[in-house]
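The values are calculated or read from the model by the stated rules, or taken from the named source; none is laboratory data. Since the model is a prediction, treat every value here as computed from it, not as a measurement. Neighbour counts are summed over all protein chains in view; Cβ atoms, including those assigned to glycine, are modelled from backbone coordinates with ideal geometry. The accessibility values were calculated without ligands, DNA or RNA, using every heavy atom of the protein model including side chains. Shrake-Rupley method; radii C 1.70, N 1.55, O 1.52, S 1.80 Å.
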Amino acid sequence: MQQEIALKACPHCGGEATLASPAQWPYLTHIVFCPSCLAKGPQGPDFADAIAQWTLRFGAEHPAEEDAAAKACPYCAWEEVVEGNNGLGNEPGHEGTLYFTACPNCLARGPHVRDKDGTLEAWNRRVGDV
Ligand SMILES: [Zn+2]
Ligand SMILES: [Zn+2]
C-alpha cells in the first residue's frame, strides 16, 4: 500500500520518486526509487526507514575528494562504490541486463544504464539539492 507522501526528488536526475516493496522487487527490501533513471535509494526494513534514508542527503555536506573518481553516496556520504548489474533483467518494463554503480554501505544504487561503462558517469550526475 502506497502512502500519499511527498518524496524528495531523485539526486541523480531530479525525477519524481516512488516507493517499491519486496513484492515488486523480489531481490530488494523496501526502497524509494526513481522510475525515470531507475536509481534506487538505500534499502530499509520498512517504508518509513527507506524514506528517511532517501531523504537524508549527506553527499552535499560531505563531498568526496575533488579528484576522486566517484562522488560520495548522496544518501550516506560513503566514498567507496561497487559496480553491479541486475542479472538477466528483472526491472519491470525493462528488458535485459542493466548496469549501475552502487553504495556498499547503504545499498543505494545509481541510475541503471545499458552501457556498462556509463554507470559511474550516471552515479556522479547530481542535480538539485542533493
Ligand atoms: Zn532519477
Ligand atoms: Zn550510501
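Listed values, structure above:
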| item | result |
| --- | --- |
| Pick from the range 36-50, criterion more than 12 Å from the chain's Cα centre (by Cα) and within 15 Å of ligand 2 (Cβ to nearest atom), ranking: least open to solvent (accessible area, probe 1.4 Å) | Gly44 |
| Test: Gly93 is away from ligand 1 (no atom under 16 Å from the Cβ) and more than 11 Å from the chain's Cα centre (by Cα) | no |
| Total residues in the range 85-124, condition within 16 Å of ligand 2 (Cβ to nearest atom) and not aromatic (Phe, Trp, Tyr) | 15 |
| Residue within the range 100-110 that is free of Cβ contacts under 8 Å to residues at least 60 places away in the same chain and charged (D, E, K, R) present | no |
| Residues of the range 69-123 that turn out to be among the aliphatic types (A, V, I, L, M) and open to solvent by less than 40 Å² (accessible area, probe 1.4 Å), as a count | 8 |
| First in the range 70-85 and over 17 Å from Ile51 (Cα atoms) and in contact (Cβ under 8 Å) with a residue 12 or more places away in the chain, second anywhere and surrounded by fewer than 23 Cβ atoms within 10 Å (Cβ to Cβ) and of a type in the set (S, T, N, Q), Cβ under 8 Å, 6 or more apart | Ala70/Asn124; Lys71/Asn124; Trp78/Asn105; Glu80/Asn105; Asn85/Thr97 |
| Residue check, Leu19 crowded, with 19+ Cβ neighbours inside 10 Å and outside any loop (DSSP other than H, G, I, E, B) | yes |
